[in-house]
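The values are calculated or read from the model by the stated rules, or taken from the named source; none is laboratory data. Keep in mind it's a predicted model, so treat the numbers as computed, not measured. For neighbour counting, all protein chains shown are included, and Cβ atoms are generated from backbone atoms with ideal geometry for every residue, glycine included. Ligands, DNA and RNA are stripped out before the accessible areas are found, and what is left, the full protein with its side chains, is counted by its heavy atoms. Shrake-Rupley method; radii C 1.70, N 1.55, O 1.52, S 1.80 Å.
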Amino acid sequence: MSNGNMNLTLKVWRQKNAETKGAFATYKAEGISPDMSFLEMLDVVNEGLILKGDEPINFDHDCREGICGMCSLYINGHPHGPKNAITTCQLHMRSFHDGETIVIEPWRAAAFPVIKDLAVDRSSFDRIQQAGGFVSVNTGVTVDANEIPIPKVIADEAFNSATCIGCGACVAACKNASAMLFVSAKVSQLAMLPQGQPERWSRVQAMVAQMDEEGFGNCTNTGACEAECPKEIKMTNISRMNNDYFSAKLFREESTHEHAAGE
Ligand code: FES
């Protein structure tokens, strides 16, 4: 287009709720600025639908800054779209070209049932976190920054694990719908630090048990999760979690039970 704006065709998954069957619907997105974010483009399409008296497309979002993990969307076969290491809210329309057809689907996993259209229920992640993703400490007054010495390399590694925003792209990318990358990041961020040691063995068992209960698949090391993660969480977290899990099962059951009994 002469003014640089784009005309696009969208094939969007529409589904009333988890019980009904969904289908693709086709929409035109016209006069779209390349500087718009993907979510802003959907806002424009929704404004048009509302003006026509049609039901707007339902999709998740909150911060729109790549922080909260609420945005999702499987775009042209990739969670968060075709670009590496960004979330859907950080994806700009200049990543597409004028006249392109864009296919937009929800995360597809049994443990993430569709709420409506492109929004899925990710509360299974919350339940995994609630099962053990915390430290039980009496925080008291603010502790001096250097009171607990932690080697920089360990602090950096723990921080990298903690950057997981729990968006669920790893599950959506995985052919087994495995949540191992997410769970291992949440286990690792605490298992590497001194503050995480008292509950280290009970935590990993509780979080893995909850993950299994939620119906996520098993990891078969395809690496799709790491390739598609917007925060570049590494699969070394999965190795670390497996190591801790088997260590807890084989050698630490007794201390784990004692710890649980004392709670
Ligand atoms: S809306 Fe918060 S990470 Fe995208």
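Of everything in the range 6-31, what is farther than 19 Å from Gly81 by Cα, open to solvent by 40 Å² or more (accessible area, probe 1.4 Å) and polar (S, T, N, Q)? Give them in sequence order.
Asn17, Thr20
Identify the residue in the range 135-173 that is of a type in the set (Asp, Glu) and assigned to a helix (DSSP H, G or I) and, among all such residues, is farthest from Met235 (Cα to Cα).
The extreme case among them is Asp156.
Of everything in the range 30-74, what is within 16 Å of the ligand (Cβ to nearest atom) and of a type in the set (Val, Ile, Thr)? Give them in sequence order.
Here is the first cut: in the range 30-74, the ones within 16 Å of the ligand (Cβ to nearest atom) are 36-43, 46, 57-74.
Within the range 30-74, Ile57, Ile67 meet the criteria.
Taking the conditions exactly as written (more than 15 Å from the chain's Cα centre (by Cα) and either open to solvent by 50 Å² or more (accessible area, probe 1.4 Å) or modelled with pLDDT under 95 (or both)), does Gln189 satisfy them or not?
It is false that Gln189 is more than 15 Å from the chain's Cα centre (by Cα) and either open to solvent by 50 Å² or more (accessible area, probe 1.4 Å) or modelled with pLDDT under 95 (or both).
Of all residues in the range 174-184, how many are part of a loop (DSSP other than H, G, I, E, B) and surrounded by 22 or more Cβ atoms within 10 Å (Cβ to Cβ)?
Of the residues in that region, 2 qualify.
Being modelled with pLDDT of 95 or more, part of a helix (DSSP H, G or I) and of a type in the set (Asp, Glu) is true for just one of Glu47, Glu30, Glu55. Which residue is that?
Every option except Glu47 fails the conditions.
For Gly77, state whether it is open to solvent by 30 Å² or more (accessible area, probe 1.4 Å), away from the ligand (no atom under 16 Å from the Cβ) and under 26 Å from Lys234 (Cβ atoms).
Yes; evaluated as a whole, the condition is true for this residue.
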